[in-house]
Each structure stands twice: as C-alpha cells, then as structure tokens.
Amino acid sequence: MLRIYAFRMNEAIRRDAEAPPGPAGLPQLSVVVPTFNERDNVTKLFRRLETALQGIGFEVVFVDDNSPDGTWQVVRELARQDFRVRCIRRIGRRGLSGACIEGILASSAPYAAVIDADLQHDETQLPKMLSLLQAGEADLVVGSRYVEGGSADSFDRQRAGASALATEVAKRVLRVKIADPMSGFFMIRRDRFERLAPQLSTQGFKILLDIVATARGDLRVKEIPYSFGARLHGESKLDSMVALDFLGLVLAKLTHDVVSLRFLLFATVGSIGLLVHLGVLFIMLKGFALPFAQAQTCGALSAMTSNFILNNFLTYRDQRLKGFAILRGLLLFILVCSVGLFANVGVAFSVYDQEPIWWLAGAAGALMGVVWNYAMSGLFVWRKR
C-alpha cells in the first residue's frame, strides 16, 4: 500500500511539474471565444494567444454551442493541460451574441476581448488594445478593417458589398460613429459591459453593434487597424439569416428596445402567416365553396402550421426543435394557440356576418391571436431547458 501511495504521489508531482507555468495573481485579460464546429482551430488559436500575450496574465473562455464536431471536447482536453483555458458548453442555445454575453459575464478579468475561433482576427493587436484600456484612453477598443492601415481584402465581392451596406445602414440609421460597427474583434472594460448587458440581445451575430447602439454615445471608443485574414479550417457561419438578424437589431434599437428582436422576427413570420391564411381562406371559399366558418378554420390551421415551421427555423433557431420534438412541438403549438384560434374564428365570423368582406374578416380574426401566440410560444413550445 505504501508503494502504491508513493507511486501516486510521484505521478501527481510529475504532472504538476509538467503543467505550464502561469502568471501570478488574477488574469488581467479574459479572451472570450465563441465556437461552433471549430475543433481544428481552437488549439492553434490558444497557442497564438500564448505567443501574443507573453508577460500578460490572461485566461481564454471558449463558449461552445454544443458543436456536433466535438469542439468542446478538444477545449476540455486543452483545459486539463493549461489552467488558463475554460470551457462553457451551452445546451439548447445558439448564437454568437448570446455566447459572447455569457462568456464575458463568466470572465474574471477587468478587461474582456472577443475574438473569433476561425483565426481571421489578428491576435497580435490584443496587447495594444489592452494598453489603451489600462491607460484610461478608452472604454472600448475595436479592431477595425475600415480605418487607415486596416484591410478586408480576404472578403469576396458579395461579402464585401454586404458588409459595406450593413456598415452604412448602421451609421446612418442608428447614428453609430465608428468606422467598423460590424467588427467581431474588440476589447471592453468588463464593468462597462456589465452595465449594458441586461439591454443586449442574445440573438444574432452583431454584438459590437448592439453594444455601441445600446450605449448611445456613453462609451469612449478607439479603433485600431488590423487585416482580416482568410479562414484556415471549417466553414463560415454566416448565412441569409444574418441579414434578418441585422435588420431586426436595427429596428429594435430604433424603438429603444421597446420591441425585442425576437418579437420582430415573430411578427414577420406572423405577417407571412397572414398571407397563408388569406390564401387558404380564398381557395376554400372560392374553390371548394365551403361555409365561411369552415374555410376560416382551414385558413387558421394552415397559418399556424406555417408559422410554427418558420418560427422554428428563424425566430427560435437558437432553441430549434429537431427530430421527434418537431411533431411534439407542432401539436403543442396548436394546443396552446387553440384559445387564439377560437377567438380568431369567432371574431372573423362576427365581422363577416356584419360586413361580408372575406379578407377584412379574415385579417381581423388572424390579428386577434398574435399576442397570445407569441406569449404561449415562448412559455411552452420553445421554452429554454
């Protein structure tokens, strides 16, 4: 027994000796890295951060959205080798903005940086960004592609055009006064971020734009140039949904966050559902000569089904239902919206009875269930688990 105990003690001492030495005291900088299917990049990024931040106490907080490629497993293994690495594995939640918010709020340093895992951001700029914050010259430092010395030459023509358009919209509509509000590479004082965090959207991809727009000029911002690199591994997460996220964020900030981004997306889907509703109602009335009450019921059920599918794909894609859960979610969606359906048919039939204009009656009935459907959807169908 003594030999076994001695052997284990020697092994523990050896492992401690092999562990990389870390800086004394608490970290000065927390680097937050949102990830999804980036297993080939995370170790390379950490080694680059080690080189760039020599002499600076830092930690790296990887926030992984339960990547199918097992990114979180690679991060966990890295964390076993170096105590400066931490992993937050999110289940049932998706989205870059939400990941950044959770990562910064979980950090322990007075300054927090956000950098992508795809190796396209220039980590060598981090010490300069940190020195500006520590010197009190800024509250937020942005890595910019569009100030003198910066570059986005790796963009193809389509992405360059979309980035330029979004930047111009952000500047003109939201009166954002920085050159690159769409940047995903920045560093901020954590105490300032924590004041803004309750007002930030957990959806979408443009966390920096949200921060700057929410602060409404109350942050001292500096921009430093960097060259946006080419992705080495994996695929870009940007798709057509990013455009809708961006437009929703702009509208939310225009209303001073009275209307949430999620509600705006839900309302957009509801507008499409209204067209489905009226289309089916017209077909049932004119094509199949059904009585109005039955035709209205068909239109409502069709709209509810299309709304569920689109909301699952768009509005609640960070909590998207998959597999058998889709059927269960659809049935639950119809069930919880049944009160709205009865009100829908009742109001529409009452309007039609007084004024037999099919589209007016159908629209009046459909609008009755909007608020109920939104509240019940978030409470029962796509509730966070």
- Could you list, in sequence order, all residues of the stretch 303-345 that are open to solvent by 40 Å² or more (accessible area, probe 1.4 Å) and either more than 21 Å from Arg262 (Cβ to Cβ) or touching a strand residue (DSSP E or B) at 6+ places or on another chain (Cβ under 6 Å) (or both)? Gly323, Phe324, Leu327, Arg328, Leu331, Leu335, Val339, Phe342
- Select from the stretch 285-301 the residues that are more than 15 Å from Ile357 (Cα to Cα), in a helix (DSSP H, G or I) and either aliphatic (A, V, I, L, M) or open to solvent by 30 Å² or more (accessible area, probe 1.4 Å) (or both) and list them in ascending order. Gly287, Gln294, Thr297, Cys298, Ala300, Leu301
- Looking only at residues in the stretch 160-195 that are open to solvent by 20 Å² or more (accessible area, probe 1.4 Å) and under 27 Å from Ala106 (Cα atoms), which one is nearest to the chain's Cα centre (by Cα)? Gly184
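Which is under 12 Å from Asp65 (Cβ atoms), charged (D, E, K, R) and at pLDDT below 95, of Arg94, Arg89?
Working: Arg89 fails: at pLDDT below 95.
Among Arg94, Arg89, only Arg94 is under 12 Å from Asp65 (Cβ atoms), charged (D, E, K, R) and at pLDDT below 95.
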- Selection within the stretch 217-235 - assigned to a loop (DSSP other than H, G, I, E, B) and either more than 15 Å from Ala179 (Cβ to Cβ) or modelled with pLDDT of 95 or more (or both): Gly217, Asp218, Leu219, Arg220, Gly229, Ala230, Arg231, Leu232, His233, Gly234, Glu235
- Scanning the stretch 236-273 residue by residue, those in a helix (DSSP H, G or I) and at pLDDT below 70 turn out to be Ser240, Met241, Val242, Ala243, Leu244
- Item | Answer residue from the stretch 349-385, given it is under 24 Å from the mean Cα position of the chain (by Cα) and among the charged types (D, E, K, R) and is modelled with the lowest pLDDT among those | Arg385
- Val280, sole failed condition from (1) within 28 Å of Gly248 (Cα to Cα); (2) modelled with pLDDT of 90 or more; (3) of a type outside the set (Asp, Glu): (1)
- Query: Taking the stretch 55-70 only, how many residues are touching a Ser or Thr at 6+ places or on another chain (Cβ under 7 Å) and either of a type in the set (Gly, Ala, Ser) or over 15 Å from Val32 (Cα atoms) (or both)?
  - Reply: 1
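Say we look at the stretch 72-94 and pick out the residues that are touching a helix residue (DSSP H, G or I) at 6+ places or on another chain (Cβ under 8 Å) and in contact (Cβ under 8 Å) with a residue 40 or more places away in the chain; which of these is farthest from Ala109 (Cα to Cα)? Before the answer, list the steps.
We begin by selecting, within the stretch 72-94, every residue touching a helix residue (DSSP H, G or I) at 6+ places or on another chain (Cβ under 8 Å); these are 74-75, 78, 82, 85-90, 92-94.
Subset that is in contact (Cβ under 8 Å) with a residue 40 or more places away in the chain: 75, 82, 92-94.
Details: Val75: 20, Asp82: 17, Gly92: 27, Arg93: 25, Arg94: 25 Å.
By that ranking, first place goes to Gly92.
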- Of the residues in the stretch 51-78, those that are assigned to a strand (DSSP E or B), of a type in the set (Phe, Trp, Tyr) and open to solvent by 10 Å² or more (accessible area, probe 1.4 Å) come to none
- Message: Here's a check for you: in the stretch 79-124, which residue that is over 20 Å from Arg39 (Cβ atoms) and part of a loop (DSSP other than H, G, I, E, B) is most open to solvent (accessible area, probe 1.4 Å)?
- Response: Phe83
- Hey, does the stretch 322-342 have a residue that's in a helix (DSSP H, G or I), touching a residue at least 40 places away in the same chain (Cβ under 8 Å) and within 16 Å of Ile272 (Cβ to Cβ)? yes
- Hey, does the stretch 170-178 have a residue that's under 16 Å from Val31 (Cβ atoms) and either assigned to a strand (DSSP E or B) or touching a residue at least 60 places away in the same chain (Cβ under 8 Å) (or both)? no
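The values are calculated or read from the model by the stated rules, or taken from the named source; none is laboratory data. Only a predicted model underlies this, so the values are computations on that prediction, with no experimental measurement involved. Cβ atoms come from the backbone with ideal geometry, glycine included; neighbour counts cover every protein chain shown. Note: areas computed on protein heavy atoms with side chains; ligands, DNA, RNA excluded. Shrake-Rupley method; radii C 1.70, N 1.55, O 1.52, S 1.80 Å.
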